[in-house]
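A.B. asks: One structure, as structure tokens, below. Some questions next.
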Amino acid sequence: MRESGGRGQGPGRGAGGAGSQGGPGAARRTPGGPGRTGRQGGSARSEGSGRPASPDNPPRQPRKRPDPLDLPFGPDDDPRARPSRDDDRPRGRAGAQSRDTGPRTPGGRDDDRPRRTSAERDDAGRSRRAPGERDDERLRGRVQDQDDRRTLREGRPGETRSRGRQDDDARARGDRAGDGRARGGRDDDGRARGRQDDGPARRARPGERDRVPPRRPADGPRGPRGGDVPPPRGPGRRPPAPPRPPKPPLVLRLGSPRRRVNIGLIGMTFVLSIFAGRLIQMQGLDSKVYEAAAVDQRQHVETIPAKRGSITDANGHDLAVTVEARELSIDPSKITDAGVRAKIAKILAQQLGKSEQDMAAKLARTDTRYQRLASDVDPLVASRLLQASIPALNAKKTYRRLYPAGDLAGSLIGFVGDEGKGLIGIERTSNKVLAGRDGRQRVETGRDGQRIPMTSSQRTAPVNGQDVRLTIDRDVQWAAQKSVADQVKKSGADSGTVIVMDVRTAQIVAMANAPELDLGNWRSAPASSQINKAAADVFEPGSTNKVITAAAALEAGMVTPDTVFEVPDRIKCYDQVLRDAHAHAAESMTFRQAMAESSNVATVMAARKVGSARLYAMLKAFGFGSTPGGGVPGAEAGLLPDYRKWSGSQSCTVAYGQGVSVTALQMASVYQTIANGGVKIEPQIVAGATDASGHFVPAAPGKQTRVVSETTAKEITTMLESAVGEEGTGHLAAIPGYRVAGKTGTANRYDAGLGRYDGYTASFVGFAPADDPRLVVLSVLQNPKNGHFGGQLAAPVFKDVMTFAIKSKKIPPTGSSAPPVRTRAGE
């Protein structure tokens, strides 16, 4: 029974035990001598005597060292088959002494010394090499051991066992050798047994028989642990190349988790530093900027529209009012389906009175988020559309302008555009008073545009507009408009105008045009109907201008109403021959008779006595060539050339109203001056307005200017009264029971489109009662086709309107009759 070597005592690590004898193949025959026994004695790890090996107390296995190459082995590899490098070399001083004891051979070899195995020699050689070469040697040795273990597992006879199993067997035989061998002594019998036992256990491989490893000198230095130092090479002997190890299997090696964690932490730190820097910028450096931007994005200013003031007539009847309405808008981006858009466009067109094409075009703009559909929708219509579940339809409270009188004084009143501003007429000239001042409200809204509840808001209340009261009378306006419209239609005229003015205040009671603008449908009305012709259209007045020539002659004292003129039916003025309207033989005619019969020749004769300068001055005094005041919308100044620029014939034609242009408003103002005793008052159309509290504040009276003396005015009145008599040209303007003074006018009409004279302008202007004038009425027909004389076409209109006006104003007749006057020469 063999005994395993115990752990000896000794200095340092302790006395070395008996060395393990060589395993299979340890005793090799070399050409120079007998085989070498395996090396003896590993060093003990602790002090104390060795313990005998037994089944209950097996020999202690050497501790496994970590593999620096970390080579993977298969699951079938036996860990006990790996060689124990700690026990393959002698440890401690006892081991060194055991190698030095014993006789040496004559050839310098220590025959009694156990021979080292090939693995020991390879380890010793590797110890003298560089670290990289040592790793290669270790790799080859381990691959060789792996092949040996695989051979043993497959059960092939004659194959070598693993180097680890050989070392264990050697240790077991060394333990049985006794204590003497544990103290470093040599035992020939033990060596012999070791060689005898180990010889048949291992057979040399085919490649190992011819390979003789070199010996290491006995007194040479010890190599590192594990047998990495090979023996020194003998002279002339080159160790055979080690067998080429098989290529290790490809192993997928993962990176170090610590490296991955470090890289991840560095990346996260970098990203977080960017976020932190951005946070510092937003919350610290630029906090005020972003705060202001957020407030601007969240807060919106809403305009609170002010209610526009009303326009009424002199008696307070509404001519233009403002009522509550809805402004409809839609978000086309929310309606992406073309079929749905077509259906919605059809519904909107039917309810809003718009064209289906316009609605479809607005809905097709899906790149926008706001399209205004209408701004003056009736609340009931808007409610029906909202209940129809039309997507993205919004309604906003607003106001719309209504004109309950329709076309009554349409061009005078005017209308308001979509933006709430007056465009023409009184709506435009009095826009500041009517519009008021819109309010503002700053609110916070969300992303969908809805107001965020319980948020702060700033509200500036709107200031509603003031009501404007006009001087016109609705009833008289209606009568004037109807009368002139009927006559325009009857005579085939292009247009007609009627003005009714209060003599004492120059307030305009009626200002009618035909055709008139329908305010309920002003968008589709022609542009010509939007002009207030009574104040804007200029024309040559004709014979109605003769009163200014008469006033100039009477004021200058050149003539009197009874001055007699020898009047032919024509007169030459420079290169022109001027004629009366009717051919007649030369006759004696008083100036009063000349005015009654509207003689052009007699008027020219009186004007020559006055002179062009005085006549021009009188025309200017009556307001020709200047814009009348009083705020009448669209009023024009007319055309009055300087007398120094008059042509030869123009100095004659201006006397009876040719070569000078005026408006109907200017001519009505001339007769208001005569009827008012020679005092001219600026015409007025606005009677006043309400203040903030709703009280009516009358407008300031018009500027008054005396133009002629009261005597001259009365003399002209008597002459005008004669013109309405039975022998006058305006007898169709006579009103039974009332004394009427007036003058007819028939003038060649200048057509600006044609650039020449074409057609006529028929007119009549007068006042009543003549002995106590209250109202002035002027009627004008432009380019009539059925007749052209003023006494024939315009006088009847005057009569109808004046009759209605004096009844509406309850102006009683004076009851007096016209005084007897001399109308013909010789009477």
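The values are calculated or read from the model by the stated rules, or taken from the named source; none is laboratory data. Predicted model only: the values in this text are computed from it and were never measured. Positions of Cβ are generated from backbone atoms using ideal geometry, with glycine treated the same way; all protein chains shown enter the neighbour counts. Accessible surface areas use protein heavy atoms only, side chains included; no ligands, DNA or RNA. Shrake-Rupley method; radii C 1.70, N 1.55, O 1.52, S 1.80 Å.
A.B. asks: Quick one: which residue in GLY648, GLY625 is within 30 Å of GLY425 (Cβ to Cβ) and either part of a loop (DSSP other than H, G, I, E, B) or open to solvent by 20 Å² or more (accessible area, probe 1.4 Å) (or both)?
C.D. replies: After ruling out the rest, the residue left standing is GLY625.
A.B. asks: Quickly run through region 565-580 and pick out the residues that are hydrophobic (A, V, I, L, M, F, W, C) and surrounded by fewer than 17 Cβ atoms within 10 Å (Cβ to Cβ).
C.D. replies: Listed by number, the list holds a single entry, VAL577.
A.B. asks: Further question: For residues that are more than 55 Å from the chain's Cα centre (by Cα) and β-branched (Val, Ile, Thr), scanning just region 668-690, find the one that is nearest to VAL509 (Cα to Cα).
C.D. replies: The selected residue is ILE681.
A.B. asks: Let me ask you something else. Tell me whether region 603-622 contains one or more residues that are crowded, with 20+ Cβ neighbours inside 10 Å and more than 22 Å from ALA723 (Cβ to Cβ).
C.D. replies: Taking region 603-622 as the starting set, the residues that turn out to be crowded, with 20+ Cβ neighbours inside 10 Å are 603-607, 610, 615-616, 618-619, 622.
Applying the additional criterion that residues be more than 22 Å from ALA723 (Cβ to Cβ) yields 616.
Yes, that holds for at least one residue.
A.B. asks: Would a scan of region 657-671 turn up a residue that is farther than 17 Å from SER626 by Cα and of a type in the set (Val, Ile, Thr)?
C.D. replies: no
A.B. asks: Okay, moving on. Within region 229-273, work out how many residues are part of a loop (DSSP other than H, G, I, E, B) and either exposed (fewer than 10 other Cβ atoms within 10 Å of the Cβ) or at pLDDT 85 or above (or both).
C.D. replies: Initially, region 229-273 is screened for residues part of a loop (DSSP other than H, G, I, E, B), giving 229-256.
With the extra rule that they be either exposed (fewer than 10 other Cβ atoms within 10 Å of the Cβ) or at pLDDT 85 or above (or both), the set shrinks to 235-236, 238, 241, 244, 247, 249-256.
The qualifying residues number 14.
A.B. asks: Could you please find all residues in region 558-585 being basic (Lys, Arg) and touching a Lys or Arg at 6+ places or on another chain (Cβ under 8 Å)?
C.D. replies: ARG570, ARG579 - these are the residues of region 558-585 that are basic (Lys, Arg) and touching a Lys or Arg at 6+ places or on another chain (Cβ under 8 Å).
One line per residue, one yes/no per condition, for (1) touching a helix residue (DSSP H, G or I) at 6+ places or on another chain (Cβ under 6 Å); (2) assigned to a loop (DSSP other than H, G, I, E, B); (3) among the acidic types (Asp, Glu); (4) crowded, with 17+ Cβ neighbours inside 10 Å:
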{"position": "VAL488", "(1), (2), (3), (4)": "no, no, no, yes"}
{"position": "THR505", "(1), (2), (3), (4)": "no, yes, no, yes"}
{"position": "MET511", "(1), (2), (3), (4)": "yes, no, no, yes"}
{"position": "SER528", "(1), (2), (3), (4)": "no, no, no, no"}
{"position": "ALA534", "(1), (2), (3), (4)": "yes, no, no, yes"}
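A.B. asks: On to the next question. Would you mention how many residues in region 515-526 are surrounded by fewer than 24 Cβ atoms within 10 Å (Cβ to Cβ) and not in a loop (DSSP other than H, G, I, E, B)?
C.D. replies: 5
A.B. asks: Can you tell me how many residues in region 435-485 are assigned to a helix (DSSP H, G or I) and open to solvent by less than 80 Å² (accessible area, probe 1.4 Å)?
C.D. replies: In the first step, residues of region 435-485 are kept if they are assigned to a helix (DSSP H, G or I); the result is 435, 474-485.
Within this subset, residues satisfying the condition of being open to solvent by less than 80 Å² (accessible area, probe 1.4 Å) are 435, 475-477, 479-481, 483-485.
Number satisfying all stated conditions: 10.
A.B. asks: Restrict the check to region 812-822 and report whether at least one residue is open to solvent by 50 Å² or more (accessible area, probe 1.4 Å), out of contact with any Pro (no Cβ under 8 Å at 6 or more places or on another chain) and of a type in the set (A, V, I, L, M).
C.D. replies: The answer is yes, given that some residue of region 812-822 is open to solvent by 50 Å² or more (accessible area, probe 1.4 Å), out of contact with any Pro (no Cβ under 8 Å at 6 or more places or on another chain) and of a type in the set (A, V, I, L, M).
A.B. asks: Given the criteria open to solvent by 10 Å² or more (accessible area, probe 1.4 Å) and part of a loop (DSSP other than H, G, I, E, B), does GLY631 qualify?
C.D. replies: The answer is yes for GLY631.
A.B. asks: Going through region 275-304 one residue at a time, which ones are open to solvent by 60 Å² or more (accessible area, probe 1.4 Å), of a type in the set (Val, Ile, Thr) and closer than 16 Å to GLY446 by Cα?
C.D. replies: Across region 275-304, the qualifying residue is only VAL301.
A.B. asks: Is there any pair linking a residue in region 467-486 that is closer than 18 Å to VAL321 by Cβ to one that is of a type in the set (Phe, Trp, Tyr), with Cβ under 8 Å and at least six apart or on different chains, and which?
C.D. replies: Listed by first residue and then by second, the contacts come to ARG469/PHE696.
Yes or no, residue by residue, for (1) in a strand (DSSP E or B); (2) over 26 Å from the mean Cα position of the chain (by Cα); (3) within 23 Å of PRO698 (Cβ to Cβ); (4) touching a residue at least 24 places away in the same chain (Cβ under 8 Å):
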site	(1), (2), (3), (4)
ALA306	no, yes, no, yes
LEU319	yes, yes, yes, yes
GLU324	yes, yes, no, yes
SER329	yes, no, no, yes
THR336	no, no, no, yes
ALA345	no, no, no, no
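A.B. asks: Moving on. Considering only residues that are surrounded by fewer than 24 Cβ atoms within 10 Å (Cβ to Cβ) and assigned to a strand (DSSP E or B), which ones fall in region 651-682?
C.D. replies: Of everything in region 651-682, those that are surrounded by fewer than 24 Cβ atoms within 10 Å (Cβ to Cβ) and assigned to a strand (DSSP E or B) turn out to be SER661, VAL679, LYS680, ILE681.
A.B. asks: Here's another thing I want to ask about it. For region 448-456, check the following and say yes or no: at least one residue is of a type in the set (A, V, I, L, M), farther than 30 Å from VAL686 by Cβ and out of contact with any Asp or Glu (no Cβ under 8 Å at 6 or more places or on another chain).
C.D. replies: Here is the first cut: in region 448-456, the residues of a type in the set (A, V, I, L, M) are 452, 454.
From what is left, the residues that are farther than 30 Å from VAL686 by Cβ are 452, 454.
Remaining after also requiring out of contact with any Asp or Glu (no Cβ under 8 Å at 6 or more places or on another chain): 454.
Taking every residue of region 448-456 in turn, at least one turns out to be of a type in the set (A, V, I, L, M), farther than 30 Å from VAL686 by Cβ and out of contact with any Asp or Glu (no Cβ under 8 Å at 6 or more places or on another chain).
A.B. asks: Of all residues in region 305-349, which are over 22 Å from SER383 (Cβ atoms), at pLDDT below 90, open to solvent by 70 Å² or more (accessible area, probe 1.4 Å) and not acidic (Asp, Glu)?
C.D. replies: Answer for region 305-349, where residues must be over 22 Å from SER383 (Cβ atoms), at pLDDT below 90, open to solvent by 70 Å² or more (accessible area, probe 1.4 Å) and not acidic (Asp, Glu): just THR336.
A.B. asks: Among the residues of region 706-736 satisfying the criterion of being part of a helix (DSSP H, G or I) and of a type in the set (Asp, Glu), which is surrounded by the most Cβ atoms within 10 Å (Cβ to Cβ)?
C.D. replies: The extreme case among them is GLU721.
A.B. asks: Applying the selection to region 555-566, what residues are part of a strand (DSSP E or B) and in contact with an Asp or Glu (Cβ under 6 Å, 6 or more places away or on another chain)?
C.D. replies: none
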